[in-house]
Amino acid sequence: MLKWFKTRFSQKPKPSRNLEVVEIDQRAQELVTLGDKMFTTEDYKGAMEAYESALQIDGHSAEAWHRRGRVLFNEEKIEEALACYVRSIELNPKNPDTWCGLGEGILAFIKADKEPLFIREHRVEIISEAQDAFAKALKLGGDLPKARVGRDSCRSMLKQDNFKLAKPPQFSFHSGGILERGKREAVSPFLKPGDYRRKNLPILSDD
């Protein structure tokens with residue numbers, strides 16, 4: 001199906017400059033939709049190919065970055081998934097599902113314990129940042145069961161450790177160096193010269 005999709009659009013005549021921008025967005029969006037259908041049928045390889053094809057067309061598609069992160073998370077490639085979620089939030093900070101995915105990814109990173117020294121040193125800050133991500137998801141999306149469960153889990157972990165909530169601006173999990181490998185492998189191949197990248201996630205206003 002993915003091959004058919006690519007063939008279908010490759011045969012279209014080249015439009016004018018303004019129409020080309022619209023056409024690129026449409027092609028990327030249709031690839032994301034195709035990937036979603038594959039994901040629901042558990043064709044994760046096909047879904048990944050569709051999302052990556054969308055990003056090759058439009059590297060600024062926040063939806064494609066979010067969906068790619070979801071597939072990587074499903075494959076337990078946590079650091080790469082987190083890098084994709086971060087990139088998606090840079091492009092669209094108002095998607096509650098992406099914030100929830102970020103929170104889940106951070107908690108999965110703690111559970112995997114691949115960086116025990118880093119986790120031990122920054123445990124409170126990491127949990128606090130996950131809790132903040134879940135809180136943003138709930139603020140943006142209302143009653144999201146996964147976000148509510150994740151936030152409560154973070155509260156329980158902090159209470160168990162007898163720690164107060166640390167303010168995430170004092171520490172940034174994703175920009176602290178731990179995700180650099182994930183960024184190189186998952187994000188950099190889809191970036192073009194001049195692409196805008198932030199080291200820190202945008203602050204969500206109270207408006």
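The values are calculated or read from the model by the stated rules, or taken from the named source; none is laboratory data. These figures come from a predicted structure and were not determined experimentally. In this analysis, Cβ positions are derived from the backbone assuming ideal geometry, glycine residues included, and neighbour counts consider all displayed protein chains.
Checked against the criterion of being touching a Lys or Arg at 6+ places or on another chain (Cβ under 9 Å), aromatic (Phe, Trp, Tyr), surrounded by fewer than 15 Cβ atoms within 10 Å (Cβ to Cβ) and at pLDDT below 85, the candidates PHE163, PHE190 yield just one match: PHE163.
Among PHE109, PHE134, which is the only one that is in a helix (DSSP H, G or I), under 16 Å from the mean Cα position of the chain (by Cα), modelled with pLDDT of 95 or more and under 23 Å from ARG155 (Cβ atoms)?
Values: PHE109 fails: modelled with pLDDT of 95 or more.
Of PHE109, PHE134, the one residue that is in a helix (DSSP H, G or I), under 16 Å from the mean Cα position of the chain (by Cα), modelled with pLDDT of 95 or more and under 23 Å from ARG155 (Cβ atoms) is PHE134.
Assess whether MET38 counts as being in a helix (DSSP H, G or I), modelled with pLDDT of 95 or more and under 17 Å from the mean Cα position of the chain (by Cα). The answer is no for MET38.
Regarding the stretch 83-103, can at least one residue be identified that is basic (Lys, Arg), assigned to a helix (DSSP H, G or I) and either touching a His at 6+ places or on another chain (Cβ under 6 Å) or surrounded by 24 or more Cβ atoms within 10 Å (Cβ to Cβ) (or both)? I'd like the intermediate steps shown before the answer.
Initially, the stretch 83-103 is screened for residues basic (Lys, Arg), giving 87, 94.
If we keep only those that are assigned to a helix (DSSP H, G or I) as well, we get 87.
Among the residues that remain, those that are also either touching a His at 6+ places or on another chain (Cβ under 6 Å) or surrounded by 24 or more Cβ atoms within 10 Å (Cβ to Cβ) (or both) are: 87.
Yes, the stretch 83-103 has at least one match.
Quick one: which of ALA135, ALA108, ALA130 is of a type in the set (A, V, I, L, M, F, W, C) and buried (at least 24 other Cβ atoms within 10 Å of the Cβ)? Don't jump to the end; show me each part of the working.
Values: ALA135 fails: buried (at least 24 other Cβ atoms within 10 Å of the Cβ); ALA108 fails: buried (at least 24 other Cβ atoms within 10 Å of the Cβ).
Testing whether each residue is of a type in the set (A, V, I, L, M, F, W, C) and buried (at least 24 other Cβ atoms within 10 Å of the Cβ) leaves just ALA130.
The lone criterion from (1) without any contact (Cβ under 8 Å) to a residue 24 or more places away in the chain; (2) part of a loop (DSSP other than H, G, I, E, B) left unmet by ARG120 is number (2). Every test in (1) in contact (Cβ under 8 Å) with a residue 40 or more places away in the chain; (2) assigned to a helix (DSSP H, G or I); (3) under 20 Å from GLY141 (Cβ atoms) is passed by GLU80 save one, and that test is (3).
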